[in-house]
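Here is the structure we will look at.
Values quoted throughout were computed directly from the atomic coordinates according to the rules given, and no laboratory measurement underlies them. Bear in mind the structure is a predicted one, so any value in this text is a computation, not a measurement. Here Cβ is always computed from backbone atoms with ideal geometry, including for glycine, and neighbour counts include all displayed protein chains.
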Amino acid sequence: MPDKRTILLADDDIEDVELLQEVILSKEPEVNVHSVSNGKQVMEYLASCTDESLPGLIILDYNMPELTGSEVLSQMSEQPRYKFIPKLILSTSNAYIHMQECIKNGATEYFVKPNSMRELEELTDKMLGLYA
């Protein structure tokens with residue numbers, strides 16, 4: 001079973017990572033947020049985890065270097081050990097084709113990055129609710 005205390009956050013925008021990490025930790029202070037900046041690092045991190053230490057939630061940006069969020073989802077879908085981990089896309093892209101592609105590749109939900117702190121806090125509540 002994945003480790004509910006760990007969240008994997010993958011985004012190449014360091015400000016977005018810091019902001020989301022801050023909001024997550026304000027709501028769930030005991031959670032460990034492990035962040036990486038590209039899709040290749042996501043796959044390397046997951047490969048290094050034992051089944052018991054896999055993250056309980058994965059939040060991916062759509063537009064990342066090396067591998068997009070959708071490509072990461074596609075690779076993860078080929079491995080049964082990732083099946084039960086909620087996988088969320090959090091992206092600036094609201095393109096319907098990106099949303100459909102990610103859901104098809106195994107995303108639990110696709111969220112568009114909000115424009116205000118209040119919206120980010122509300123969205124974080126929704127995301128955390130999917131893994132609790």
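Which residue, LEU88, LEU46, LEU54, has the most motion in a Gaussian network model of the chain that connects Cα atoms within less than 10 Å?
Looking only at LEU88, LEU46, LEU54, the largest GNM fluctuation is found for LEU46.
Report the net charge of residues surrounding ASN115, where surrounding means a beta-carbon distance below 14 angstrom and charges are Lys +1, Arg +1, Asp -1, Glu -1.
Working: positive: LYS113, ARG118; negative: GLU15, ASP16, GLU119, GLU121, GLU122.
Its environment carries a net charge of -3.
What is the Å³ per residue value for the convex hull set by the Cα atoms of region 1-104?
Convex hull volume per residue, Cα atoms: 91 Å³.
Only helical DSSP H runs with n ≥ 4 go in: add -39500 (n - 2.57) per run for the chain, normalise by residue count and round the 222 nm mean residue ellipticity to 500 deg cm²/dmol. List each step's numbers first, then the result.
Working: 5 runs with 55 residues, N = 132.
Estimated from H runs of four or more residues: -12500 deg cm²/dmol.
Residue-wise, which Karplus ³J(HN,Hα) couplings in Hz belong to region 105-119, taking 6.51 cos²θ - 1.76 cosθ + 1.60, θ = phi - 60°, and x for glycine or proline?
Once rounded to whole Hz, the list reads 7, x, 5, 6, 8, 10, 10, 8, 4, x, 9, 9, 5, 4, 5.
Per residue of region 96-103, what does 6.51 cos²θ - 1.76 cosθ + 1.60 with θ = phi - 60° give for ³J(HN,Hα)? Whole Hz please, x for Gly and Pro, Karplus curve as stated.
Along region 96-103, the couplings run 4, 4, 5, 4, 4, 4, 5, 5 Hz.
Amide H to amide H under 5 Å from ASN63: which residues, 5+ apart in sequence or cross-chain, H placed 1.01 Å off N in plane?
Those qualifying (amide H under 5 Å, at least 5 residues apart or on another chain) are GLY69, THR92.
Report, in cubic angstrom per residue, the convex hull volume of the C-alpha atoms of region 79-132.
So the per-residue Cα hull volume is 71 Å³.
Under 1.5 on a/c is rounded, so check that first for region 23-80, then, if it is not, pick prolate when a/b is larger than b/c and oblate when it is not; a ≥ b ≥ c are the square roots of the alpha carbon gyration tensor eigenvalues. Present the calculation step by step, with values, prior to reporting the outcome.
Numbers: a/c = 2.13, a/b = 1.34, b/c = 1.58.
Oblate shape, in that a/c is at least 1.5 and b/c is the bigger or equal ratio.
Under 19 Å from a label point 7 Å along Cα→Cβ of GLU119: give me every residue in region 24-48 with its amide N that close.
24
Report, by chain and number, residues whose modeled amide H sits under 5 Å from the one on VAL36, excluding near sequence neighbours (fewer than 5 apart, same chain).
Amide H neighbours of VAL36: LEU9, ALA10, ASP11.
Residue by residue through region 71-81, which ³J(HN,Hα) values in whole Hz follow from phi under the Karplus form 6.51 cos²θ - 1.76 cosθ + 1.60 (θ = phi - 60°), with glycine and proline marked x?
Taking θ as phi minus 60°, the curve returns 5, 4, 4, 4, 5, 5, 5, 7, 10, x, 5 Hz for region 71-81.
Grab the eigenvalues of the alpha-carbon gyration tensor for region 51-103, scale each by 5, take roots, and send me the semi-axes largest first in whole angstrom.
Values: eigenvalues 84, 24, 21 Å².
Equivalent-ellipsoid dimensions as semi-axes: 20, 11, 10 Å.
Provide the net charge surrounding VAL36, with neighbours chosen by a C-beta distance below 11 Å and charges set as Lys +1, Arg +1, Asp -1, Glu -1.
Here the count lands on -4.
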